[in-house]
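Report on the structure given below.
What follows is calculated from the coordinates using simple rules that are stated; it is not laboratory data. For clarity, every value in this text was computed on a predicted model and none was experimentally measured. Backbone-built Cβ (ideal geometry, glycine too); neighbour counts: all protein chains shown.
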Amino acid sequence: MKVFVINSGSSSIKFQLIDTQTRNYIIKGIVERIGEHDSLIRWSLKEGGSYRIEQKIENHKHALDEVFKILLDKEKGAISSLDEIDAVGHRVVHGGEKFKSSVLIDKDVLNSIKEYSILAPLHNPANITGIEAAMELLPNVPQVAVFDTSFHANMPRRAYLYALPYEFYSEKKIRRYGFHGTSHKYITERAIELLGLDINNSKLITCHLGNGASITAVKNGYSVDTSMGLTPLEGLVMGTRSGDMDPAITLFLMETYGYKPEELDKIYNKKSGLLGLSGISNDMRDIMEEMEKGNERAKIAYEVFIYRVKKYIGAYLAVLNGADAIIFTAGIGENNAHIREDICRNLEFFGIKIDKEKNEQANGKEVIISTDDSKVKVLVIPTNEELKIALETENIVENR
Ligand code: AMP
């Protein structure tokens, strides 16, 4: 099946046309700066060739219209008719408590996604714009929503409830939801396959360490706890997000310095994390480069990042009563042996031992990086959220 995967942001659309049989993309790209005068479309073909066009793109529908023209281009495109697209898979960030799995999109589903915009005001409206544009341009093609939250939808209440007045949850749905679900689910399934585990008797800790970062305790194939909460701000130290902190800091900053909610939102989400601590960059590569030159602030950012991941691994080992495996993925998790080694250092007590050589060779590939006698296996598995969205979409469409 050929599935067109759309990840629609507020001013960008990432797209891939994926052949689910070969599990490879045919064409992939991004439309950036939608609505501005200097919009840009970049794309590449699996068979070779990378291209770009600069032109003003008015809105998301216009963007998809242009992308479809590109798909059909005889030289720089990938298909000869839009009829070749069997289904469209949409990444949707927030599925609230309702969507515990991926779903075929109809009017009711679309309305529910709109309702959940209150919980993800930056993401869901952008996702909806992409869905509406695709439905208009491909009215006869089934469209499926794949939610970032749904992998975590079966967490027990002891994990998802905040210890706030219960009405905040029962009336306003303030609870922990978790994100990066598509990635955590993908690496869970790959790890179970690679290690030959029985999914119904399995315990994994999945670490998605990219610009956004989260960690999940997975029992018998289900997320039982995860580090992100009501929003993707909670948990690990990220590129520009603070992760866990004392909520009283908010009150202190408002009362003492007069910060307004929108200013704090920007500080916590865009100016904190690695960037905030280091004052250098949100990119871990820059942090490490500066650290090597002796920059103290870079060192601080690195240490806090590593420590937070380690602390969560410890917590989830307690939640799961041990683990069969720990899996690293995403930009940092896949590409940096040094970081994986530092995170796993001094965890021998738990039966975690890294093989230095295997770890160093692992970057970007699916590899077991623990020693043969390590009780807990440690793996690197490159994530592939678009492929997972395509496979989920195929499954929903074939079984409707
Ligand atoms: P992602 O959000 O998964 O695309 O990950 C992006 C982040 O991965 C970047 O911001 C970098 O900090 C990080 N990254 C990519 N390659 C490396 C590397 N070789 N070493 C350390 N960090 C890396």
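Tell me what the chain gives for mean residue ellipticity at 222 nm when only DSSP H runs of n ≥ 4 count, each as -39,500 (n - 2.57), the sum divided by the residue total, rounded to 500 deg cm²/dmol.
Mean residue ellipticity at 222 nm (helix-derived): -11500 deg cm²/dmol.
Among DSSP beta bridges lying fully in the chain, give the percent that are antiparallel, nearest 5.
If we restrict to bridges inside the chain, about 70 percent are antiparallel.
Rounded if a/c is under 1.5, else prolate if a/b is larger than b/c, else oblate: which is the range 1-123, with a ≥ b ≥ c the root eigenvalues of its Cα gyration tensor?
oblate
Let me check I've understood the local charge: for K270, count other residues with C-beta under 13 angstrom from its C-beta, Lys and Arg +1, Asp and Glu -1. What total comes out?
0
Which translational diffusion coefficient, to the nearest whole µm²/s, is obtained for the range 81-203 from the Stokes-Einstein equation, given a Kirkwood hydrodynamic radius over C-alpha pairs, 4 °C and 1.567 mPa s?
Taking Rh from Cα pairs, D becomes 80 µm²/s.
Note down the Stokes-Einstein diffusion coefficient of the range 309-400 in µm²/s, whole number, using a Kirkwood radius over alpha carbon pairs, 20 °C, and 1.002 mPa s.
The calculation lands on 150 µm²/s.
For a protection proxy built on the mean count of beta-carbon atoms within 10 angstrom, sort 218-229, 16-27 highest first, please.
218-229, 16-27
Take every Cα pair under 8 Å in the range 258-400 that's 6+ residues apart, average their separations, divide by the length, and report that relative contact order as a whole percent.
Averaging sequence separation for qualifying contacts and normalising by length gives 16 percent for the range 258-400.
Express the relative contact order of the chain as a whole percentage, based on alpha carbon pairs under 8 Å and six or more residues apart in sequence.
That works out to 14 percent.
Between E167 and N111, what is the spin-label point distance in nm, taking each point 7 Å from the Cα along the Cα→C-beta axis?
My value for the distance between the label points is 2.8 nm.
Around L161, with a cut-off of 9 angstrom between Cβ atoms, what is the net charge of the other residues, counting Lys and Arg +1 and Asp and Glu -1?
Spelling it out: positives minus negatives among the neighbours equals +4.
If you take every residue apart from S242 with its C-beta less than 13 Å away from the C-beta of S242, what net charge results, scoring Lys and Arg +1 and Asp and Glu -1?
+1
Expressed as a rounded percentage, what relative contact order does the range 218-288 have, with Cα pairs under 8 Å and six or more residues apart?
Over the range 218-288, the number comes to 29 percent.
On a full-extension model of 0.36 nm per residue, what is the gain between E296 and S81, subtracting their alpha-carbon distance, rounded to one decimal in nm?
Contour length minus the Cα-Cα distance gives 71.7 nm.
Over the alpha-carbon set of the range 163-302, work out the extent along each principal axis and list the three values in angstrom, largest first.
53, 50, 18
Rounded to the nearest 10 degrees, what's the angle between the helix 296-320 long axis and the longest principal axis of the chain, both from Cα atoms, 0 to 90?
Taking the Cα atoms of the chain, the angle to 296-320 is about 90 degrees.
At 0.36 nm per residue, minus the direct Cα-Cα distance, what do R285 and K270 gain on full extension? Give it in nm, one decimal, please.
3.6 nm
Averaging over all projection directions, find the projected area of the Cα convex hull of the chain and quote it in nm² with one decimal place.
21.4 nm²
Just report the Cα centroid separation between the range 273-330 and the range 68-100, whole Å.
Each part's Cα centre sits 35 Å from the other's.
In nm, give the distance between the simple-model label positions of S50 and K74, each being 7 Å from the Cα along the Cα-to-Cβ direction.
2.7 nm
Which whole number of Å³ per residue matches the convex hull of the alpha-carbon atoms in the range 318-363?
82 Å³
Calculate, in nm to one decimal, what D65 and R157 gain on full extension: separation in residues at 0.36 nm each, minus their alpha carbon distance.
28.8 nm
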